[in-house]
Amino acid sequence: MTTSNSIIIQSLNDVLFIPLEAVHTNDSLSFVYRKNGSKQIVVLDESNENEIIVEAGLDENDKILLSIPEDAEDQKYVGLELVEVIRKKEEEKRKREEELQAEREKQNERMKMRRIPVERPEGWSEGRSEERSQDSEAGSTAREERTGS
């Protein structure tokens, strides 16, 4: 018997998403080819293995291409005003990552401080092992005496 299961980890309402293969990049700019013959710069958000959310640059009824058109080099960029939005978003993301890294380092330091070395009394392990070996020697001696007489 086989089954197919899905685990929903997040549900997003009222977002515009497009197939990942429609998104192209040039340096740090993400864009899509529109059916009207232009390269539309887009501000992107989260993605999964198939689709990506578009925050800005496209409207719901815009027509985009999944593949690179033949006249791609001749097409002009549209939405250059979004470049600043993209830069701000990248800077915010970088700051959040730095803050998270700093917090992780603080937690690691706290964990190091909590580690208390365990000290055993002198002779703890040696004393126990000596007692065991003496017991076993005494037992073997007693057995030898019984068998000898």
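The values are calculated or read from the model by the stated rules, or taken from the named source; none is laboratory data. Predicted model, so just to flag it, every value in this text is computed and none were measured. Cβ atoms come from the backbone with ideal geometry, glycine included; neighbour counts cover every protein chain shown.
Report yes if some residue within the range 83-90 is of a type in the set (Asp, Glu), exposed (fewer than 10 other Cβ atoms within 10 Å of the Cβ) and modelled with pLDDT under 90; otherwise report no. So far as the range 83-90 goes, no, none of its residues is of a type in the set (Asp, Glu), exposed (fewer than 10 other Cβ atoms within 10 Å of the Cβ) and modelled with pLDDT under 90. Within the range 64-94, the residues that satisfy the criterion of being free of Cβ contacts under 8 Å to residues at least 24 places away in the same chain and of a type outside the set (Asp, Glu) are Arg87, Lys88, Lys93, Arg94. Of the residues Lys89, Lys93, the single one that is part of a helix (DSSP H, G or I), under 17 Å from the mean Cα position of the chain (by Cα) and closer than 16 Å to Leu44 by Cα is Lys93.
Only one of the numbered conditions (1) at negative phi; (2) under 25 Å from the mean Cα position of the chain (by Cα) is not met by Asp27, and that is (1).
Asp62 fulfils the conditions (1) part of a strand (DSSP E or B); (2) surrounded by 15 or more Cβ atoms within 10 Å (Cβ to Cβ) except for a single criterion, (1).
Could you tell me whether the range 34-45 includes any residue that is without any contact (Cβ under 8 Å) to a residue 40 or more places away in the chain and farther than 25 Å from Asp71 by Cα? If you could, list the steps in order and put the result at the bottom.
The initial filter retains those residues of the range 34-45 that are without any contact (Cβ under 8 Å) to a residue 40 or more places away in the chain, namely 35-37, 39-40, 44-45.
The next check asks that each one be farther than 25 Å from Asp71 by Cα; those that pass are 45.
Looking through the range 34-45, at least one residue is without any contact (Cβ under 8 Å) to a residue 40 or more places away in the chain and farther than 25 Å from Asp71 by Cα.
Scanning the range 68-82 for residues that are surrounded by fewer than 10 Cβ atoms within 10 Å (Cβ to Cβ) and either out of contact with any Lys or Arg (no Cβ under 8 Å at 6 or more places or on another chain) or among the hydrophobic types (A, V, I, L, M, F, W, C) (or both) yields Glu70, Asp71, Glu73, Asp74.
Would you mind listing the strands (runs of 3 or more DSSP E) fully within the range 1-54 where at least 1 residues are loosely packed, with under 10 Cβ neighbours inside 10 Å and touching a Phe, Trp or Tyr at 6+ places or on another chain (Cβ under 7 Å)? Steps first, answer last, please.
On the way: elements: 16-19, 24-26, 29-33, 39-41, 43-47.
Passing ranges: none, list empty.
Scanning the range 52-92 for residues that are basic (Lys, Arg) and within 11 Å of Lys39 (Cβ to Cβ) yields one hit, Lys76.
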